[in-house]
Every structure is written in C-alpha cells, then in structure tokens.
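> Take this structure, written in structure tokens, and hold onto it; I'll ask about it next.
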Amino acid sequence: MYEITLIFALAFLFLIAYFIGMYRNRKIAVSYARTVKEHMSPHSSFVGFRPYSRGGFRTLCKLKEKEPFTEIEMAVSLVDRENLMHYPLALLTKDKDRLACWGFFKDSIPLSMEILPIKEEKLCLKVASERGLTRVISGDDFYKYFAVLASNQEIADKFLSDRRLQKHILELKAFIKRVSLSEREARLYLIGELKEASSVKSLIDVFMHCGEHCRKFQR
C-alpha cells in the first residue's frame, strides 16, 4: 500500500513539474522572441518565427539593403524545464538556454576562423582538424580567454586587432561558446548561452558588430 501511495505521489509531482516547466518555458520563449523582434526589426524588412525544439523557436530575418548580411537565421533552444530530473542534473551539467545565429554575407570574406573558449581544448582540436585551421598564437590578453583558429593568421590578427570588437566579445566571455567565419560559405555563425532576455540582445549586438567589422576585409 505504501509503495502504491509513493508511486502516485511521484507521478503527481512529475505532472506538476511538467505543467509548471511548460508554463515557464512558454513565458521565457515569449520574452526571448519579443527581444529578437524588437532588436532585429530596425535592421530587417521581415522577421518571422516558427516553433523549434521543446518550446524554443527559430527566426528568419530578411535584412535591409544597408546591412552586411542578406539574411540572418536564429534558433533558440530551451532547457528541459518540464522534466523534474532536469533540476538536480542541471547542477552537474550546467545546462542553459542557447541562442545560435547564422548570418549570410552579401560579399565574400577572405578567411575562415574560429573563436572558442580557451578551456574547450578538445573542441579546439576537433574543429582545427575538421576545418584544416591553424592555431593563432599571440600575447594579447584576448587569447587568455579564447582560442583562435584561422586559415590565414595575418588576416586573423588584423581582424582581432579591433579593440572594440575584442571588448564586446570579452564582456560576454561567460556566454559565448563559439564564433565561426566560413570563407567558403561566406557565413558568420555564433553560439551563446542565455541567462535572460537582455543576454539575447547582447549576443545579437556582438553578432551584428562582427558582421559590420567583416566589411573591412571583404573582396
């Protein structure tokens, strides 16, 4: 009898956690989406949304003529707040909501480059091998926090010599997980962790600044 009561109690607890988690994810997703809409509308002729992965969403932004990109795609994925086991496991896994951005340039860019957290050594080795990139070595303070891999070290040094760009990235070093430039695809890619709606705005600001900065190097 005791076992049956315990099973029903646990089932009820999981059910309550599911509905509370679903409500929280919905509320958080709306907050993120509103921030994306407000922040991208001045740059875009069109901003559209569709559902994506456990209450998250994807966004397509068709940019105005003056912008460096033809379009930007974004994907916001939310942690599994509906699952009661998420909460104890999150203490170990440190899972957070994530934003991924893809921007497609109007013109070609002269290098491929990866900016990754310095502590992600295994990922650095994997990406360097997969993309045929070389580690950029520098005594600059920026490289104490981020590993830089590039197809052309000279252009990468010039690209990252911009102190304003460095400052923007370093201010978000706890959130930025990857910044990637692809010469072949003429594409900028960013992955960042989200803490609140304001972090969406901050990550988009870094992304857009990187795009504007690329104009100085485009052919």
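Since every read-out is calculated from the coordinates, none of them should be taken as a lab result. None of the values given here were measured: they were computed from a predicted structure. As a convention, Cβ positions derive from the backbone with ideal geometry for all residues, glycine included, and neighbour counts pool all protein chains shown.
> If you take every residue apart from VAL127 with its C-beta less than 13 Å away from the C-beta of VAL127, what net charge results, scoring Lys and Arg +1 and Asp and Glu -1? Walk me through the intermediate numbers first.
Details: positive: LYS122, LYS126, ARG131, ARG135, LYS177, ARG178; negative: GLU114, GLU120, GLU121, GLU130.
Around VAL127, the surrounding residues sum to +2.
> Place a point 7 Å from Cα of LYS119 in the direction of its Cβ. Which residues in the stretch 175-193 have their backbone N less than 13 Å from it?
Correct set: 175-177.
> With angles folded into 0 to 90 degrees, how steeply does helix 121-131 sit against the dominant principal axis of the chain? Use alpha carbons for both and round to 10.
Tilt relative to the chain: about 60 degrees.
> Can you tell me the relative contact order of the stretch 1-144? Whole percent, Cα pairs under 8 Å, sequence separation 6 or more.
On the way: 157 pairs, mean separation 25.3, N = 144.
Taking the mean separation of contacting Cα pairs over the length of the stretch 1-144, I get 18 percent.
> Something else now. Could you give the size of the charge dipole of the chain about its Cα centre, using +1 on the Cβ of each K and R and -1 on the Cβ of each D and E, expressed in debye and rounded to the nearest 20?
Once rounded to the nearest 20, the dipole reads 320 debye.
> Considering only the other residues whose Cβ falls under 12 Å of the Cβ of ALA174, what net charge follows from Lys and Arg at +1 and Asp and Glu at -1?
Working: positive: LYS94, LYS96, LYS119, LYS173, LYS177, LYS195; negative: GLU171, GLU193.
That sum, taken over residues with Cβ under 12 Å, equals +4.
> If you count, for each residue, the other Cβ atoms within 10 Å and average over each peptide, how do 131-139, 50-58 line up from highest to lowest? Can you show the working numbers first?
Working: 131-139: 13.7, 50-58: 15.6.
Highest-to-lowest ranking by the protection proxy: 50-58, 131-139.
> Rounded to the nearest 10 degrees, what's the angle between the helix 2-40 long axis and the longest principal axis of the chain, both from Cα atoms, 0 to 90?
So the inclination is approximately 30 degrees.
> If the label point is 7 Å along Cα→Cβ of ARG215, which residues in the stretch 25-43 have backbone nitrogen under 17 Å from it?
42-43
> May I ask which residue of PHE69, PHE49, CYS101 lies farthest towards the positive end of the charge dipole of the stretch 1-103, with charges of +1 (Lys, Arg) and -1 (Asp, Glu) on Cβ and the Cα centre as origin?
Farthest towards the positive end: PHE69.
> Further question on the same structure: Give the calculated FRET efficiency between LYS94 and TYR23 to the nearest 0.05, with a Förster radius of 22 Å applied to their Cβ-Cβ distance.
On the way: r = 23 Å, r/R0 = 1.06.
For LYS94 and TYR23, the calculated efficiency is 0.40.
> Using 25 Å as the Cα-Cα cut-off, could you pick out the over-long pairs in LYS27/LYS106; LYS27/LYS64; LYS106/LYS144; LYS167/LYS201? Mind showing how you got there, number by number?
Details: LYS27/LYS106 35 Å; LYS27/LYS64 30 Å; LYS106/LYS144 33 Å; LYS167/LYS201 16 Å.
Too far apart for the 25 Å limit: LYS27/LYS106; LYS27/LYS64; LYS106/LYS144.
> Could you please report the charge total around ALA156, scoring K, R as +1 and D, E as -1 over all other residues with beta-carbon less than 14 angstrom from its beta-carbon?
Working: positive: ARG131, ARG135, LYS158, LYS216; negative: GLU114, ASP140, GLU154, ASP157, ASP162, GLU183.
Result for the neighbourhood of ALA156: -2.
> Using helices alone, what [θ] at 222 nm do you get for the chain, with -39,500 (n - 2.57) per DSSP H run of 4 or more residues, divided over all residues and rounded to the nearest 500?
-14000 deg cm²/dmol
> The chain: percent of C-alpha pairs farther apart than 25 Å? Before the final figure, lay out each step's value.
Details: 10996 of 23871 pairs.
Summing the P(r) tail past 25 Å for the chain gives 46 percent.
> How do GLU171, GLU130 line up, fewest other C-beta atoms within 10 Å first? Present the calculation step by step, with values, prior to reporting the outcome.
On the way: GLU171 13, GLU130 9.
Lowest to highest Cβ neighbour count: GLU130, GLU171.
> Please go through the residue pairs LYS66/LYS126; LYS66/LYS122; LYS122/LYS195 and name each one whose alpha carbons sit more than 31 Å apart in this structure. Working shown, then result.
On the way: LYS66/LYS126 36 Å; LYS66/LYS122 39 Å; LYS122/LYS195 25 Å.
Violating the 31 Å Cα-Cα cut-off are LYS66/LYS126; LYS66/LYS122.
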